[in-house]
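Everything on this sheet refers to the single structure shown next.
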Amino acid sequence: MPNTVATDGIVSGRLNNATLKDNFSDLHPKLDDHEALVAADRCYFCYDAPCMEACPTSIDIPLFIRQISTGTADASANTIFSQNILGGMCARVCPTETLCEEVCVRETAEGKPVEIGRLQRYATDGLMAKGQQPFVRAASTGKSVAVVGAGPAGLSCAHRLAVLGHDVVIYDARPKGGGLNEFGIAAYKSVDGFAQQELDWLLSIGGITMQYGKILGADITLEQLQVDHDAVFLGMGLGGVNGLDIEGSDKDNVLDAVSFIADLRQASDLIKLPIGKHVVVIGGGMTAIDAGVQAKLLGALDVSIVYRRGKENMSASVFEQELATSKGVRIIYNAQPVRVTGNGAAAGIEFAYTQTVDGKLALTGESFTLQADQIFKAIGQTIEGVPGALKIENRKISVTGTGRTSLDGVWAGGDCALGGDDLTVTAVAEGRDAAIDIHTSLIDGTSSKKEL
Amino acid sequence: MADLTSNFIGIKSPNPFWLASAPPTDKEYNVRRAYEAGWGGVVWKTLGEAGPPVVNVNGPRYGAVWGADRRLLGLNNIELITDRPLEVNLREIKSVKRDYPDRALIVSLMVPCEEQAWKNILAEIEDTGADGIELNFGCPHGMAERGMGSAVGQVPEYIEMVTRWCKQYSRMPCIVKLTPNITDVRMPAQAALAGGADAVSLINTINSITSVNLDIFAPEPTIDGKGAHGGYCGPAVKPIALNMVAEIARDPITANLPISGIGGITTWRDAAEFMVMGAGNVQVCTAAMTYGFKVVEEMISGLSQWMDEKQISDVADIVGRAVPNTSDWQHLNLNYIAKAKIDEDLCIKCGRCYAVCEDTSHQAILMSDDRVFSVNDDECVACNLCVNVCPVEGCISLEQMAAGTTDPRTGTVVSDVKADWTTHPNNPSVTAAE
């Protein structure tokens, strides 16, 4: 008898292939030509546009939308890519509802912003589908830059450096590139292998060599990179996860949400991917939402996301929270885990209700227990393998200005660097800006050393 | 409840909405559907003289200009007069008129400028029982090349001559349809009046090329690699048509000449605007060709509601109501001083008012660091551009300054005495009173 949502334990094939295909289809499909024209026409071409201010990469949004509306989507894509070479992925994963679309004047006017994200996807998908690379490399500078990490920050940095004529080597710990774009985003936000397509397209600029399976601190060292290259950019993200330090957290099936998300993204056949019947996700960020929603879409009977603070504190946007609840995921606020129960493997998890008193989290004294045969921890990631010579601040690499670290000739950006907000688009901006600073330093021969 | 019954030059119809002479009125099938849909009258598509009918192109006849969401704003056409035999049209006209005696049925005509040709066809039209004729002196393409249509409408002497023939050889009311492709529309209107016309109708279509195909470098619509100018109509031409109607309504010579208003009428509001500007009724084509005949229902209900709100019961009472207020620039009150005011609560902070005023006008709008927009009265000339570009209706308005207050831009005290250019000291043609 085939498995169903009611089957006990952690099993695969709870849903049939057709349902899975539907569940994991594109969250926001590409606009067709007419839809794009209608959507583009809603843009008021604001002066000193608030959307542009809100975009971490400062894409000229009014201009790219006007270019769509006048039938020149390729020019529109160029406008986007000139600021954000990962504009295709950002169009899919940016929390636009808290960035450009939140400040859109039509959101103010009607509560219905211009669909900036989907228009961006329309333009970028069009040019990428043609296989066109909108940039041409400058004459070679003879300089070589090492980039650690093939995620959004590293790729953005590498591409800009390549455009400026430098040779780049990207070292990545994984067997393939893309970073969180490939391993860390809900599958329904990046369907049909888009992350790899985008990577291939980005690399078509030339001058970028990929070195996969190279772990910083094990296979490569910062010291050697500094010797082998003229500059180094660190964009390796957060490789570790925070531990759940409660009784029973060592029981079987208490897992990291990031691993689950990565496994799901890499799965060739979702029907073979096992999922629990009663799933509990601990955390309040995008990782918690991505894990919870996908657990539900795989066929878990019930999924609860439990967050220790209130709804307003959750770092996942209201849109993401509503997406989760619309898929049947329950979100419980103001509860923190106390102990995992079960005989060897997790069977349940006890929570204590919290409240905020004078700005501090306190327990109310009440508690409850959820049935749980699979528990995903999504309580934050942490940096791993930082070379000892680098100054660390707030558990991240300390940087100033455009990503300059405490070491001369070493820059950092993306999630591993101080500042930013752990968004793809922010990582892209930091990688790009570091590249420009690296370029200036290499060409001018000026020291990148900054007082820290 | 307003009474929309219309009496235009003695031709009665249940409402003032007629379909203009055009493809929608080319044959019995369409006209019956139009009457069933509620249209008050129809001007049958232009008939030519007996014999082999004209032929139309077999490629595209229409070109278009679109706005947002592909909303049709302008349409042009290169279609000719009816391409069906005269006797077929006459038979159908007779049949339709017999079945719809309460609806207006006017027949549009265009034959060569020969007295006998007009005499012949007029007799045949009278036989059908049609209510009147409309002389097509407006068609700007194809027929004009053969000395008809706008080729007649551009020569006032021809208009007068042909109109006179029509009144001489027919007892039917005669409407002269004017072309806008002239410099001063009052001249052909005066000629029509001199020839004895009962009314004029306007405008016919405007010479136009709607767009150019940038792949094959040819105008649209393109036929076998070539394009020709066509006649433009639809919402885009309404302002031009309204002005021409006003010109004739205001001309002392033609002030009492009835006008059938045509040109981009799409809603009841457009119709009402033409009528208060002097049109006794209106004719519609593009709206029907865009949305089908059903649009007349909205025109009827809308005009009716508005008249009720204005407590006007008879459509005749709205005709010409705006004519006395339509003046010339030199008579506008230069002592009327206004300033733009921005309603901060309605403002959505798009900044378009700022961009256009700063870049293209008077630098009279201020923008704060937190995007609060305000008007600098020291610079504002009340040009209205900010009002026009603001996407929020009612957010920016022009407010009149009270008499006795001082205009900070000029430092002068606002006067409550009207003063216009005709008496202004800067006007070189003003002779100072000695």
> Averaged over A:104-117, how many beta carbons belonging to a partner chain fall within 10 Å of each residue's beta carbon?
Replying inline: 2
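Figure the gain on full extension for residue B:255 and residue B:71 (residue separation times 0.36 nm, minus the Cα-Cα span) and round it to one decimal in nm. Please report the intermediate quantities before stating the final value.
On the way: separation 184, 0.36 × 184 = 66.24 nm, distance 3.61 nm.
Here the answer is 62.6 nm.
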>> What distance in nm separates the two pseudo spin-label positions at residue A:17 and residue B:88, each 7 Å out from Cα along the beta-carbon direction?
In response: 5.9
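By its C-alpha gyration tensor, with a ≥ b ≥ c as the square roots of the eigenvalues, how is the stretch A:112-246 shaped: rounded for a/c under 1.5, else prolate for a/b larger than b/c, else oblate? Show your work: numbers first, answer last.
Values: a/c = 2.27, a/b = 1.13, b/c = 2.00.
It is oblate, given that a/c is not under 1.5 and a/b is not larger than b/c.
What percent do you get for the relative contact order of the stretch A:242-377 when only Cα pairs under 8 Å and 6+ apart count?
On the way: 281 pairs, mean separation 40.5, N = 136.
For the stretch A:242-377, the relative contact order is 30 percent.
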> How far is it, in nm, from the label point at residue A:312 to the one at residue A:82 when both lie 7 Å from their Cα along the line to the Cβ?
Replying inline: 4.2
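When a footprinting reagent is the concern and you count Cβ atoms within 10 Å, what order do A:251, B:226 take, fewest first?
Details: A:251 18, B:226 10.
The order, fewest Cβ neighbours first, is B:226, A:251.
Where a ≥ b ≥ c are the square roots of the eigenvalues of the C-alpha gyration tensor, would you call the stretch B:264-386 rounded, which needs a/c under 1.5, or, failing that, prolate if a/b is larger than b/c, or oblate? Show your work: numbers first, answer last.
Working: a/c = 2.74, a/b = 1.84, b/c = 1.48.
It is prolate, given that a/c is not under 1.5 and a/b is the larger ratio.
Which order do the peptides A:37-45, A:181-189, B:94-102, B:357-365 come out in when sorted by mean C-beta neighbours inside 10 angstrom, highest first? Can you show the working numbers first?
On the way: A:37-45: 19.6, A:181-189: 22.1, B:94-102: 14.9, B:357-365: 17.4.
Sorting A:37-45, A:181-189, B:94-102, B:357-365 by mean packing, highest first, produces A:181-189, A:37-45, B:357-365, B:94-102.
Tell me, A:64, B:217 in order of fewest to most beta-carbon neighbours within 10 Å?
B:217, A:64
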>> Going by Cα centres, the stretch A:117-159 and the stretch B:26-97 are how many Å apart?
In response: 57
>> Around residue B:394, under 14 Å between beta carbons, what's the net of Lys plus Arg minus Asp minus Glu among the other residues?
In response: -4
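What is the sum of charges, Lys and Arg at +1 and Asp and Glu at -1, for the other residues whose Cβ falls under 9 Å from the Cβ of residue B:257?
Neighbour charge sum, excluding residue B:257 itself: -2.
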>> I want to check the label-to-label distance for residue B:388 and residue B:422. Put each point 7 Å from Cα in the C-beta direction and report it in nm to one decimal.
In response: 2.7
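Per residue of B:62-75, how many C-beta atoms from partner chains lie within 10 Å of its own C-beta, taken as a mean? If you can, show how the numbers build up before the last one.
Values: counts 0, 0, 0, 0, 1, 1, 6, 5, 4, 1, 0, 0, 0, 0.
Averaged over the peptide's residues, the number is 1.
So which of B:294/B:341; A:30/B:294; B:310/B:349; A:176/A:272; B:94/B:226 end up more than 30 Å apart, counting from Cα to Cα? Spell out each step's value before the answer.
Values: B:294/B:341 41 Å; A:30/B:294 35 Å; B:310/B:349 36 Å; A:176/A:272 22 Å; B:94/B:226 40 Å.
Pairs exceeding the cut-off: B:294/B:341; A:30/B:294; B:310/B:349; B:94/B:226.
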> What percent does the relative contact order of chain B come to when contacts are Cα pairs within less than 8 Å and at least six residues apart?
Replying inline: 13
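How well do other chains shield peptide A:45-55, expressed as the mean number of their Cβ atoms within 10 Å of each residue Cβ?
Details: counts 4, 9, 13, 7, 2, 5, 0, 0, 1, 0, 0.
Mean partner-chain Cβ count within 10 Å for A:45-55: 4.
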>> Starting from 0.36 nm per residue, how many nanometres of slack lie between residue B:99 and residue B:113 once their C-alpha separation is accounted for?
In response: 1.7 nm
> aspartates and glutamates within cross-link reach of residue A:112: Cα-Cα under 16 Å, excluding same-chain residues under 8 positions apart?
Replying inline: A:35, A:41, A:97, A:101, A:102
>> Give me the base-10 log of I(q)/I(0) for the protein assembly as shown at each q in 0.05, 0.06 Å⁻¹, Debye formula, one uniform scatterer per Cα, rounded to two decimals.
In response: -0.47, -0.64
> Under the definition of Cα pairs under 8 Å and six or more residues apart, what whole-number percent is the relative contact order of the stretch A:33-129?
Replying inline: 33
> Taking Cα centroids, how far is the stretch B:394-412 from the stretch A:381-408 in Å?
Replying inline: 60
> FRET efficiency for residue A:35 and residue A:197, Cβ-Cβ distance as r, R0 = 25 Å, nearest 0.05?
Replying inline: 0.65
> To the nearest Å, what is the center-to-center distance of the stretch A:172-246 and the stretch B:256-328, using C-alpha atoms only?
Replying inline: 68
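Dividing the convex hull volume of the alpha carbon atoms of the stretch B:80-193 by its residue count, what do you get in Å³ per residue? Spell out each step's value before the answer.
On the way: hull volume 11.5 nm³, N = 114.
That works out to 101 Å³ per residue.
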> In what sequence do B:326, B:128 fall when counting other Cβ within 10 Å, fewest first?
Replying inline: B:326, B:128
> What number comes out for the charge environment of residue B:213, summing +1 per Lys or Arg and -1 per Asp or Glu over other residues with Cβ under 13 Å away?
Replying inline: -2
>> Can you list residues from other chains, or at least 5 along the same chain, whose modelled amide H is less than 5 Å from the amide H of residue A:354?
In response: A:335, A:336, A:364
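So, R0 is 60 Å and r is the distance between the beta-carbons of residue A:212 and residue A:364; what FRET efficiency does that work out to, to 0.05?
Numbers: r = 49 Å, r/R0 = 0.82.
Given R0 = 60 Å and the Cβ-Cβ separation, E is 0.75.
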>> I'd like the FRET efficiency for residue B:309 and residue B:429, computed as 1/(1 + (r/R0)^6) with the beta carbon distance as r and R0 of 51 Å, rounded to 0.05.
In response: 0.70
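So for each of B:274-283, B:373-382 I average, over its residues, the number of other beta carbons within 10 Å; can you give me the resulting order with the highest mean first?
Values: B:274-283: 26.8, B:373-382: 18.2.
Most protected by this proxy first, the peptides run B:274-283, B:373-382.
Bear in mind that the values in this text are calculations on the coordinates, not laboratory data. Computed from a predicted model, the values in this text were never measured in an experiment. Glycine gets a Cβ as well: all are built from the backbone with ideal geometry, and neighbour counts include every protein chain shown.
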